[in-house]
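> Here's a structure for you.
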Amino acid sequence: QVQLVESGGGSVQPGGSLRLSCAASGIISSIYTMAWYRQAPGKQRESVAIVTNGGVTVYADSVKGRFTISRDNAKNTVYLQMTSLKPEDTAVYLCKAHIGVQTYWGQGTQVTVSS
């Protein structure tokens, strides 16, 4: 059984920073693409950032230049460094991983940006 566990969410003022982590545990074969999504109340889930197992990254336009996705393959962990946070970044952030032939989701971590 594979599990993805996110951590690092919290409350921060506009302009602040947070670093999210998502660790995969269990019986893990090959981890391919890892990604961060977010879902704000009343809105659809959206892709924030993606990193392939080759290190190629893709970002949503709304976070380009502010967020950085990275991964540590030895630790089966993906990170999301978020800087210059805005109130509109407030959402539940979820990680997703393609492991073997399956897709897994974490349970999500809340990020709140408010003054």
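The values are calculated or read from the model by the stated rules, or taken from the named source; none is laboratory data. Everything numeric in this text was worked out from a predicted model, so none of it was measured. Note that we place each Cβ from the backbone using ideal geometry, even for glycine, and neighbour counts take in every protein chain shown. The area values use the complete protein model at the heavy-atom level, side chains included, leaving out ligands, DNA and RNA. Shrake-Rupley method; radii C 1.70, N 1.55, O 1.52, S 1.80 Å.
> With the condition kept exactly as written, say whether any residue in region 55-72 is closer than 20 Å to Val5 by Cα and part of a loop (DSSP other than H, G, I, E, B).
No, because not a single residue in region 55-72 is closer than 20 Å to Val5 by Cα and part of a loop (DSSP other than H, G, I, E, B).
> Pick from Ala35, Ala49: which is at pLDDT 95 or above and in contact with a Leu (Cβ under 7 Å, 6 or more places away or on another chain)?
Criteria check complete, one pass: Ala49.
> Among (1) touching a Lys or Arg at 6+ places or on another chain (Cβ under 7 Å); (2) over 19 Å from Pro87 (Cβ atoms); (3) not in a strand (DSSP E or B); (4) not aromatic (Phe, Trp, Tyr), there is one condition Ala35 misses while meeting the rest; what is its number?
Answer for Ala35: the failing condition is (3).
> Next question. Mind checking which pairs have a first residue in region 1-19 that is under 24 Å from Ser115 (Cβ atoms) and β-branched (Val, Ile, Thr) and a second that is open to solvent by less than 30 Å² (accessible area, probe 1.4 Å) and assigned to a loop (DSSP other than H, G, I, E, B), Cβ under 7 Å, 6 or more apart or different chains?
Close Cβ pairs (under 7 Å, with a partner that is open to solvent by less than 30 Å² (accessible area, probe 1.4 Å) and assigned to a loop (DSSP other than H, G, I, E, B)) amount to Val12/Leu85.
> Then there is this: Pick from Lys86, Lys75: which is surrounded by fewer than 18 Cβ atoms within 10 Å (Cβ to Cβ) and modelled with pLDDT under 95?
Residue meeting the stated conditions: Lys75.
> For region 89-115, give me the residue count where each residue is modelled with pLDDT of 95 or more, open to solvent by 30 Å² or more (accessible area, probe 1.4 Å) and closer than 18 Å to Val58 by Cα.
1
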